Amino acid sequence: MSPPPDPWRSSPPRLDPRAMERALAASRAELALKRPVRRWRSQAVGLFAASAGLALAVMGVLLALGRTTGAMLAGRAPMLAMLLSTGALCSWGALSPRGRRLRWLGVGMALVSSALLVLTRAAPRGPSNLPEWVCTVSHVALALAPLVVAVVALRSAAFDPLRAVVAGLAVGTVGAFVGELACEQGPGHVATYHLGAWALLTLMTWALSKRLKPRTYAP
């Protein structure tokens, strides 16, 4: 009885020449398009600029309309700075090719920010004239533009669930920031309707990123 063939000495499998030719033709066609390549750093800065810029713009409008004051901004400055820092870390970590540690730091920072949003919120001054769900709807509506920026940027790499979640957390800082300025309801309202909007935006970013086909499959 002959001994079994040695797998270490067996010849490598032959590649189909036609399959190789098709792959080569597809690569040449892709290179011929000469699509502009955006560096991940510029995309990360763009995502942060979209979210932070929108939040600061709304802050300016509220100041101009008298809906908030300089004293109120000074009192909430640490929380607002925390939210901006969370957005910056999450934007950078989500799009960094080797930013897995940064992504987990972004998740941790978002959790700390969420807890502080509730714990530092004072008791409501009085009943609101609007339904509580208006905050959730307005937060999601405000973040739609940063959401588009995040999904477009995420298509520059292979889908990664953690990357998409962290990008969604960056997007959600817009509503959380505006909620600190425009809403005077209590901690229970913040935990339900403000953090609910943040979670919904994170889920939307993850779902859209998973559904859309990446432009490249880079890490």
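When SER113 is tested against (1) surrounded by 17 or more Cβ atoms within 10 Å (Cβ to Cβ); (2) farther than 30 Å from LEU63 by Cα, just one condition goes unmet, and that condition is (2).
Just for helices (runs of 4 or more DSSP H) wholly inside region 92-193: which have at least 2 residues that are of a type in the set (Lys, Arg)?
Numbers: elements: 100-119, 133-142, 144-154, 161-182.
Fully inside region 92-193 and qualifying: 100-119.
Can you find even one residue in region 116-134 that is of a type outside the set (A, V, I, L, M) and within 19 Å of LEU54 (Cα to Cα)?
Step one: filter region 116-134 for residues of a type outside the set (A, V, I, L, M), giving 120-121, 124-129, 131-133.
With within 19 Å of LEU54 (Cα to Cα) added as a condition, the list becomes none.
No, region 116-134 has no match at all.
For region 58-71, the criterion of being part of a helix (DSSP H, G or I), touching a residue at least 40 places away in the same chain (Cβ under 8 Å) and within 22 Å of GLN43 (Cα to Cα) is satisfied by no residue at all.
Which is open to solvent by less than 20 Å² (accessible area, probe 1.4 Å) and either hydroxyl-bearing (Ser, Thr, Tyr) or modelled with pLDDT of 95 or more (or both), of ALA81, ALA52? Show your work before the answer.
On the way: ALA81 fails: open to solvent by less than 20 Å² (accessible area, probe 1.4 Å).
Just a single option satisfies the conditions, and that option is ALA52.
Cβ-Cβ distances below 8 Å connect the following pairs, each with a first residue in region 144-155 that is over 14 Å from GLY53 (Cα atoms) and hydrophobic (A, V, I, L, M, F, W, C), a second residue that is at pLDDT 95 or above and open to solvent by 60 Å² or more (accessible area, probe 1.4 Å), and a separation of six or more residues or different chains: VAL151/LEU208. Would you confirm whether any residue within region 100-107 is touching a residue at least 24 places away in the same chain (Cβ under 8 Å), touching a Lys or Arg at 6+ places or on another chain (Cβ under 9 Å), among the basic types (Lys, Arg) and crowded, with 20+ Cβ neighbours inside 10 Å? Among the residues of region 100-107, at least one is touching a residue at least 24 places away in the same chain (Cβ under 8 Å), touching a Lys or Arg at 6+ places or on another chain (Cβ under 9 Å), among the basic types (Lys, Arg) and crowded, with 20+ Cβ neighbours inside 10 Å, which makes the answer yes.
The condition of being hydrophobic (A, V, I, L, M, F, W, C), out of contact with any strand residue (DSSP E or B) (no Cβ under 8 Å at 6 or more places or on another chain) and either open to solvent by 20 Å² or more (accessible area, probe 1.4 Å) or more than 16 Å from GLN43 (Cα to Cα) (or both) holds for only one of ALA157, ALA170, ALA123, that being ALA123. In region 200-208, the count of residues that are in contact (Cβ under 8 Å) with a residue 60 or more places away in the chain, open to solvent by less than 30 Å² (accessible area, probe 1.4 Å) and under 18 Å from the mean Cα position of the chain (by Cα) is one or more.
The values are calculated or read from the model by the stated rules, or taken from the named source; none is laboratory data. Please read all numbers here as calculations on a predicted model, not as lab measurements. In this analysis, Cβ positions are derived from the backbone assuming ideal geometry, glycine residues included, and neighbour counts consider all displayed protein chains. Heavy atoms of the whole protein, side chains included, go into the accessibility calculation; ligands, DNA and RNA do not. Shrake-Rupley method; radii C 1.70, N 1.55, O 1.52, S 1.80 Å.
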